[in-house]
Structures are given as structure tokens and as C-alpha cells.
Amino acid sequence: MSSTTSSESNHKMASGSNEESSHLLESSVRAEIYGSQPAEQQNLLNKMVHTTGIESKTFPQYVAALSATGGAFAAGTLLGWTSPAQNRLTGGEYGFPVSNAAFSWIGSAMTLGAAFICIPIGFLINMIGRKLTMLLLVLPFTLGWALLIWAQNVEMMYAARFILGISGGAFCVTAPMYTGEIAQKDIRGTLGSFFQLMITAGILFIYAIGAGLDVFAMSLVCGVIPLIFGAIFVSKSKNESAVKSIQWLRGKDYNYNPELEELKATEEQIKQNSVSVGTALLRPVTLKALAISLGLMFFQQLCGINAVIFYSTDIFKDAETGIDENLSTIVVGVMQVIATFVSVMVVDKLGRRLLLLASAIVMALSTVAMGVYFYMKDNDNASVANLGWLPVSALCVFIIMFSIGFGPVPWLMMGELFASDIKGVAGSIAGTSNWVLAFIVTKTFVNMKEALGSGQTFWLFAGITLLGAVFVFLFVPETKGKSLNEIQKLLEGNSNSTPIVVNNSNNSSNDNGNVN
């Protein structure tokens, strides 16, 4: 690893911790100071590894990540809304007829909106930055909920859910990138998993309020949440200059001068080496990262999670457990939150691969068990009279293991695998594939049950999930504890990373901020 520090400060570097520079300078501030392109600045900052003689503070990074993923909480309410709303809307609560077929489109319209926005949002991210993009998403969130709250017909609900899907899908691309980039590498997994944790918290929230509120009141509460997120996020970011942003995230003793000097020194080199989006996408390392990310998204959806979440009430009902349907969905939501929280705690200790492998194998066994129960039930209802516990237990284990591995990790790794100059576009492609697959699964689940049978449908999910375990074992690299630059080297087949190193010890720079 090369260094730009003087020999007299080397002994201070030895005791320091390596941490990664990230998306700390917003595009508008960078342009004002240096006049360079946002993508170029971001590319440089993500290549730089800073060695500091002062321990970087992590608490502000946790606060920033939580505030950013507040939008994920709002997206979670959007995902969970269908479960408590289904029977009430089809029962005529809104005063106009909603058939089961129409409701399936109401539920699926959200995934179509999410798929529609993912690629455009990648370009917007690079143009105006992560934070401003997330703030702008409050507008379609609010519009969508307003249309849903005061819907006069089914068509308004279709439009509302599509618009809400635009906001939810955009957050699924933007928030993991933002949280992954503001974090130093030893806590990046934890902060990156906050996104899925807040999604599951939002789902649990809508399940809980849905047990006591009608659809109008429930939707009204959900419509207020994006406004609260916007207010909190604006408050946190208010009057935050580039320098203040770095110092707030890393600590007031963090010396930013060497970083800025290094930025100016290499700006021309980055401009000369800049390439088009098409060229960047066709780089072998980008294609490899894209294949891994697309594979993870494929197996995340084809394990059947959205079918389980969207139709969890029906699964409990079909199993004839006698458990109230509202209580059953709340139980599912609680398990999701607890399991995802466990994942947040261990992802930087156990690593991504182990969580993915354990998640896939146990989920496959769980769906096999659910398949056995429903196959027996379809052929001889009396044969499962005393087995009502089996599908419920299998469902619970499935939810827990998904929330530990295949729930949070694919989104986390999406923010880790791509080089910064292509991350917005490549991440958007991965996000689009995820939501298209989500649409296919949620829209065709009932049709598959009717065509194949309930048991055979769950066995199909189990087989695909086992293939997912094989995919992880053969192709997914371990990114735990690696900087974004080191991950790029790993994907290139070169584990010997030589990133730019800047000393952040206060004694290593002169009065003008130049490196000694």
C-alpha cells in the first residue's frame, strides 16, 4: 500500500485505523469548490483510503444511516399495506367494488412502479446526489398516499400504488448506496443492513395499526410518515457544508485538509481517465459484479418471500390454526424485525457468505415442509387434522432465515460490489430486476397454486432456493471488512489492493493543509 505521508509520521500511522473515504461531499458543494463532475469526485473519494492517527467516531454514522433509512420505513408500510387492506377492500369498505382480481393488480402495481423508476433514478443519483434524491422522493410518496386515501374508484388505487411504488423502488436503490458510502468499512455491513431493518419495521407497523384501523385511517397514518422522514432528514442536513459533513460523520478531530489536497492533486487524472456509462458497464469487473448482484436479486425473489408476505394471512387461514388473521400477520412482522436486527448485529462478524448460505438452506427446508403439509391437505384433508403447527412453524422459520440472510444481504452487497462511477446505473439495473421478479411472483402465485397445487408451488420455491445456495457458494465473494476499492480488486482477481493513502493525523499536514 503506497503512502503520501512523511517518514516522521509513520509511527503515528501504525496505530491508526484504516477507513474509507466515502460520498461525504455533496455534488453541489464539490462543484462550487472544485468545478468538477459529481461522478468524478465520487469515484476519487471511493478509491481513497485514509489512515488516521485519531480514532474515527461511529455514532454520527449510525445517526446518519438511520435518518436516511427512514424512507425505508415508509417503503415498508407500502409493502405491508396489502395484507390488512385486502379483505376490507374486497368487502366494499371504500364504497366501490374491488374484486380479488382487481386487488391483485392493486398489490402488483407497486412492484411495477418500483421497476419503472429504478434505472432513471440511477442517473438522477449521479446528477444531484443521494441526499437530495431521497428528499425529492417525499413528493411522490405524499401524492401516492393522497390518491389512495381519497380514491373514488379502482383505477385511482392502481395509479396510487404505481406512484407509491416509484418512491419505494427509488429508495431501495438510493438508501443502501448512501448508507454504504458514509460508513467506514468495519461497520459498513451493519449500516447497510439498517435498510432492511427499517423495511421490516415499517411492515410490522402497518400490520399493527391495521389490526385496529380501517383502510382510510391506516392509509392516512402512512401518508404522514414520509413527511416526518423529510423533516428529520432536512434537519440533520441543514447548513451542512462539505467540511462539516466529513467532521460530523468522522468526529470533530478528523483532519480533512490532506483529503482535499489529494482531491485537487488527482482531479485532472480522473478527468482524463473518465469513460462513458456504456464503456463502464462493459468492463469485465462491472459485468462480474452485475452478474453476482442480479443473481442475488433473482434468488431473493424466487425463494417466494413476497408470496409469503403478501399472502401470509391466507397461509395461516389455510392451515386452520385458529389464530386470528390480524394476530398472525403481527407475529410474522415481529419475527421479521427481530431476525433482521440479529442480522444487523452479526453481518460484520460472520460475513455475508455465511448468512446467505445458512439462509438459503434453511429456507429451502422450510418451504419443503410447507409443501408437504399443503400437498397432504389437498389430497386428504383429514390427514393433516393434527398438523396445523407444521406450516406455521415452517413459515416462521422461513421468515426468520430470510430476514437474517437473503433479505438484507443482497441490498447491502448491491452498494458494495460496483465501482463508484457506475454504481448508480448498475445498482439501478439490479433493483429493476428485483422488482420485476417481485411483480412476477406476487402476480402469479395464486395462478401457480391453482395450476400446480399448493404443495408443488412451495416445492418449486424450495428447489430454486437450493440453487441459490449453490450460486452463493460458487460465485459470491466475501466482502466483510474490505474497502470498496479492495472489493474491486477482489472482483478483478487481484487481492493486493494499492489504494491512495492519505494521513489524517493532525501533525502530518502543514498550515496550508498540504501533505508533508
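Note on Ile119 and Met376: their simple-model spin labels are 4.8 nm apart, each label 7 Å out from Cα toward Cβ.
Taking Cα pairs under 8 Å and at least six residues apart, what relative contact order does the stretch 347-398 come out at, in percent? Walk me through the numbers before you get to the answer.
On the way: 27 pairs, mean separation 22.2, N = 52.
It rounds to 43 percent for the stretch 347-398.
In a fully extended conformation the segment linking Lys317 and Ala146 would gain 58.4 nm over its present Cα-Cα distance, using 0.36 nm per residue. Normalised by the number of residues in the stretch 277-493, the average gap of Cα pairs under 8 Å and 6 or more apart makes the relative contact order 39 percent.
Do any of Lys131/Lys480; Lys131/Lys443; Lys288/Lys449 go past 29 Å between their Cα atoms, and which? Write down the numbers at each step before the final one.
Numbers: Lys131/Lys480 26 Å; Lys131/Lys443 33 Å; Lys288/Lys449 35 Å.
Table pairs above 29 Å Cα-Cα are Lys131/Lys443; Lys288/Lys449.
Near the amide H of Gly405, within less than 5 Å, lie no amide hydrogens of residues on another chain or at least 5 residues away, with H placed in the peptide plane.
Using θ = phi - 60° in the Karplus curve 6.51 cos²θ - 1.76 cosθ + 1.60, the 3J(HN,Hα) couplings for the stretch 473-489 round to 4, 8, 10, 8, x, 8, 9, 4, x, 9, 6, 4, 5, 5, 5, 4, 5 Hz; x is entered for Gly and Pro. Label positions at Val221 and Leu132, each projected 7 Å from the Cα along the C-beta direction, are separated by 3.6 nm.
Here the stretch 394-436 exposes an accessible surface that is 86 percent carbon and sulfur, computed with a 1.4 Å probe and the other protein chains kept in place. Per residue, the stretch 277-493 exposes 36 Å² of solvent-accessible protein surface, assessed with a 1.4 angstrom probe and all protein chains in place.
Over the stretch 325-451, what is the mean sequence separation of C-alpha contacts under 8 Å (at least six apart), divided by residue count, expressed as relative contact order in percent? Show your work: numbers first, answer last.
Details: 79 pairs, mean separation 40.4, N = 127.
Normalised by residue count, the contact order of the stretch 325-451 is 32 percent.
Charging the Cβ of each Asp and Glu at -1 and of each Lys and Arg at +1, and nothing else, the dipole of the stretch 62-196 about its Cα centre rounds to 200 debye. Shown in residue order for the stretch 353-368 are the 3J(HN,Hα) couplings computed by the Karplus curve 6.51 cos²θ - 1.76 cosθ + 1.60 at θ = phi - 60°: 4, 4, 5, 5, 5, 4, 4, 5, 5, 6, 4, 4, 4, 5, 6, 4 Hz (x for Gly and Pro). Here the stretch 277-493 is assigned +1 on the Cβ of each Lys and Arg and -1 on the Cβ of each Asp and Glu. Its dipole about the Cα centre then comes out at about 720 debye. Modelled spin labels at Glu93 and Glu450, positioned 7 Å past Cα toward Cβ, are 2.5 nm from each other.
The values are calculated or read from the model by the stated rules, or taken from the named source; none is laboratory data. This one's a predicted model, so the numbers in the text were calculated from it and none came from an experiment. Reconstructed Cβ throughout: ideal geometry from the backbone, glycine too, with neighbour counts over all protein chains shown. With ligands, DNA and RNA removed, areas are computed over all heavy atoms of the protein, side chains included. Shrake-Rupley method; radii C 1.70, N 1.55, O 1.52, S 1.80 Å.
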